[in-house]
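Derivation of every value follows stated rules applied to the coordinates shown; laboratory data play no part. Predicted model only: the values in this text are computed from it and were never measured. Ideal geometry is used to build each Cβ from the backbone, glycine not excepted, and the neighbour counts take in all protein chains shown.
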Amino acid sequence: MSNCRAWQSVPRLPYLIRGRVVRGFRRGGTDLGFPTANYPEEVVEKLPSELNTGVYCGWASVDNGDVQKMVLSLGWNPYYKNEKKSMETHIMHQFKDDFYGSILSIVILAYIRPEKSFSSLDELISAIKGDIADADRILDQPENKIFIQDNFFKGDASL
Ligand code: ADP
Ligand code: MG
C-alpha cells in the first residue's frame with residue numbers, strides 16, 4: 001500500500017505558446033483537407049517532456065488576428081525515427097492564404113484523446129472531424145471562452 005498519490009500526470013493546462021510557423025513534411029492540407037501549421041523544433045523541444053502526446057484543443061491567433069478555435073496534435077515524428085515530437089495546429093477557420101513565417105499564438109486548454117494510428121485515410125479523416133466537433137463543444141463552455149479575452153492575445157504578437 002502506497003502512502004502517496006500522483007494527481008497530475010501532465011502539467012497544468014492552459015499552456016501558452018508563441019512561435020513562428022514553418023513548413024512541415026506532411027501535406028495535411030492537400031491530402032486530408034485539414035492543414036496544420038507547424039512550429040519549429042525549438043518550440044517543441046521546450047515543451048515539458050511529460051506533456052502527453054495526443055490531440056488537444058484551445059484558441060489560436062495568427063499574428064495579431066482574430067482568436068479562433070483550434071485542434072492541436074502533439075505526436076512522435078516519424079521523420080525523426082519517433083525521437084522528436086511534432087506539434088501541429090489546425091485552426092478551425094477558413095484562411096484566404098497560407099501564413100508561413102507568421103507568428104502563431106496558442107492557448108492549449110483541454111486534452112481530447114491520445115495519439116492513435118489509423119488503418120485508412122477515411123478513418124483518420126473521421127477521427128479529425130470528431131476531434132473538431134469535440135473541440136467546438138469544449139471551447140464553447142464559458143470557462144474556456146474567457147481565454148479569447150486574455151491579455152496573451154492582445155497587443156503585439158512579436159517573439
Ligand atoms: P505543412 O506540412 O507545411 O505544415 P500543411 O498542408 O499542413 O503543410 O499546411 C499547413 C499550412 O497551411 C500552414 O502553415 C498555414 O500556412 C496554412 N493554413 C491555411 N489555413 C490553415 C488553417 N485553417 N489551419 C492551419 N494552417 C492553415
Ligand atoms: Mg502541417
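The table that follows gives values for the structure above.
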item: Mean ellipticity per residue at 222 nm, deg cm²/dmol - from DSSP H runs of n ≥ 4 across the chain, formula -39500 (n - 2.57); result: -5500 deg cm²/dmol
item: Ascending count of other beta-carbon atoms within 10 Å, so fewest first, for 53, 36; result: 53, 36
item: Gain on full stretching of the segment that runs from residue 43 to residue 156 - 0.36 nm per residue minus C-alpha separation; result: 38.8 nm
item: Gain on full stretching of the segment that runs from residue 123 to residue 140 - 0.36 nm per residue minus C-alpha separation; result: 3.5 nm
item: Two-site label geometry, residue 110 and residue 97: point separation in nm, points 7 Å out along Cα→Cβ; result: 3.5
item: Cα pair distances of the stretch 39-159 binned at 10 Å [whole percent]; result: 12, 41, 38, 8, 0
item: Mean Cβ neighbour count within 10 Å, used as a protection proxy, ranking 90-96, 69-75 highest first; result: 69-75, 90-96
item: Length released on extending from residue 31 to residue 18, taking residue separation times 0.36 nm less the Cα-Cα span; result: 2.0 nm
item: Violating pairs (Cα-Cα greater than 27 angstrom) within the set 85/154; 46/69; 46/96; 81/154; 46/116; result: 85/154; 46/96; 81/154
item: Ranked packing of 113-124, 141-152, most packed first, by mean Cβ within 10 Å; result: 141-152, 113-124
item: Euclidean distance of C-alpha centroids, the stretch 105-138 and the stretch 29-93, integer Å; result: 12
